[in-house]
1. Of the residues TYR322, TYR326, which single one is under 30 Å from LYS358 (Cβ atoms), touching a residue at least 40 places away in the same chain (Cβ under 8 Å), open to solvent by 60 Å² or more (accessible area, probe 1.4 Å) and of a type in the set (Phe, Trp, Tyr)?
2. Any residue in region 75-104 that is more than 26 Å from PRO118 (Cα to Cα) sitting within a Cβ distance under 6 Å of a residue that is open to solvent by 30 Å² or more (accessible area, probe 1.4 Å) and among the aromatic types (Phe, Trp, Tyr)? List the pairs, counting only those 6 or more apart or interchain.
3. Need the failing condition index for LEU209 against (1) touching a residue at least 12 places away in the same chain (Cβ under 8 Å); (2) more than 30 Å from SER355 (Cβ to Cβ), just the number.
4. Could you check region 241-276 and list, in sequence order, the residues that are more than 16 Å from LEU199 (Cβ to Cβ) and either assigned to a helix (DSSP H, G or I) or under 13 Å from the mean Cα position of the chain (by Cα) (or both)?
5. If you go through region 170-198, how many residues are within 16 Å of the ligand (Cβ to nearest atom) and more than 21 Å from PRO88 (Cβ to Cβ)?
6. In the list ALA285, ALA301, which residue meets the criterion of being assigned by TED's automatic domain parsing to the domain that holds SER183, touching a residue at least 12 places away in the same chain (Cβ under 8 Å), open to solvent by less than 30 Å² (accessible area, probe 1.4 Å) and in a strand (DSSP E or B)?
7. Among the residues of region 126-149, is there at least one that is away from the ligand (no atom under 11 Å from the Cβ), crowded, with 16+ Cβ neighbours inside 10 Å, among the aromatic types (Phe, Trp, Tyr) and over 23 Å from the mean Cα position of the chain (by Cα)?
Amino acid sequence: MQIGILGGGQLAMMMAESAGKKYDIEFIVVDPTNNPPASKYARCIKAEYTDSKALKLLAEECDIATIDFENVSSSALKHLEKYIPVFPNSKSVEICQDRLSEKTLFVENNIPTTKFCPIDCENDLKNAIKEFGPDSILKSRRLGYDGKNQIIINNKTSKNIWNDIGCVPSILEEKVDFLTEVSLIGVKLQSGETYFYPLVENFHRDGILSYSIAPYENLELQKQAETIHKQITKLINYVGVLVIEFFINKDSQLLANEMAPRVHNSGHWTIQGTNISQFEAHIRAISGMSIENIQTNGHAAMINLISKMPKKDELNLDANTYFYDYGKNEREKRKLGHITIIDSNAQKLYERLNSLKKIIT
Ligand code: AMP
């Protein structure tokens, strides 16, 4: 079998690594950069995602296609869909690419989310700030990830903020005074069944995921998050891994923040922390295979290595600590690698996490 992936970053790399040899699957990735991380395990076509020759090659040589990056043009996915099955489908990706469509989907289906308002011009912004107050955030509708294209209002003028966001369609969102943030990773099979990982607790710095701890044990919230996930995958006819990020507010209620129509950074720990990683589960789901019940191997934590790679030898890593270097050039706010820690004892896991955090972040 051959699987095409639009995007050749670390997520594509881990998909190809986890499933390539094991299931005799060949991966072809399309990526506009030189030697993206996935080139370690996959054949790479250096091209824009919309390049007609690259898409023709995927359509001719691959059985199915998927993505490692949700901001690929949906026209590319729609084009591919004429020839081969694409998971997730272009409609799902389109919804997740646009914060307004995503939030509208939540609201129309009674899924609690943050209070928001669409902004199309400076005047909209001025009026919305009057209503929401300075404790709110302007986010561009598109191309917002890792804290990009987000501005906290505070006491800035609407004119400055509108210019800073680039005068593009946006949403203004109430700032949530949350207890914590969690994500739910679920995988929906072609047969319609869905399997879930336990909720993961996520800690961000400057809008970028800094570290995650799993499992976040709260049976009631787990059940609620799973119900929301099933509701959404049914609505958008989804197959594969879908991740929903939530805030837990001060009343311990889930508020849906955003979705990722792909494997997710908060699920890297599943490689060593469970019997089937999110990467393998996604590939099995989109290839029409079944999966076993998901089981965790104790407690896990994942720390992102951002902007600068630490020297592995100086970290004193033990046998249950796994170091990943994506082979990227260092750049401010770029995710370059990660470390996963596994421990059967939660207290010991926190101690190891804290000592690593002191060195890394
Ligand atoms: P996002 O791209 O929407 O996931 O935002 C990245 C991170 O910024 C979130 O994970 C939060 O830590 C923070 N953030 C985003 N929106 C809000 C909000 N409405 N209230 C509080 N924090 C937020």
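The values are calculated or read from the model by the stated rules, or taken from the named source; none is laboratory data. These figures come from a predicted structure and were not determined experimentally. As a convention, Cβ positions derive from the backbone with ideal geometry for all residues, glycine included, and neighbour counts pool all protein chains shown. Just the protein is used for accessible areas: all its heavy atoms, side chains included, with ligands, DNA and RNA removed. Shrake-Rupley method; radii C 1.70, N 1.55, O 1.52, S 1.80 Å.
1. TYR322
2. If the second residue must be open to solvent by 30 Å² or more (accessible area, probe 1.4 Å) and among the aromatic types (Phe, Trp, Tyr), the pairs left are ALA76/TYR49.
3. (2)
4. Hits for region 241-276 are PRO261, ARG262, VAL263, ILE271, GLN272.
5. Our first condition is that a residue be within 16 Å of the ligand (Cβ to nearest atom); within region 170-198, this holds for 170-185.
Still in the running and more than 21 Å from PRO88 (Cβ to Cβ): 170-182.
Going through region 170-198 one residue at a time, the tally reaches 13.
6. That would be ALA301, the only listed residue that is assigned by TED's automatic domain parsing to the domain that holds SER183, touching a residue at least 12 places away in the same chain (Cβ under 8 Å), open to solvent by less than 30 Å² (accessible area, probe 1.4 Å) and in a strand (DSSP E or B).
7. Scanning region 126-149 turns up no residue that is away from the ligand (no atom under 11 Å from the Cβ), crowded, with 16+ Cβ neighbours inside 10 Å, among the aromatic types (Phe, Trp, Tyr) and over 23 Å from the mean Cα position of the chain (by Cα).
Results for (1) assigned by TED's automatic domain parsing to the domain that holds ASN265; (2) of a type outside the set (D, E, K, R), shown as yes or no for each residue.
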site: VAL168; (1), (2): no, yes
site: VAL182; (1), (2): yes, yes
site: VAL187; (1), (2): yes, yes
site: SER191; (1), (2): yes, yes
site: TYR195; (1), (2): yes, yes
site: LEU199; (1), (2): yes, yes
site: PHE203; (1), (2): yes, yes
site: ASP206; (1), (2): yes, no
site: SER210; (1), (2): yes, yes
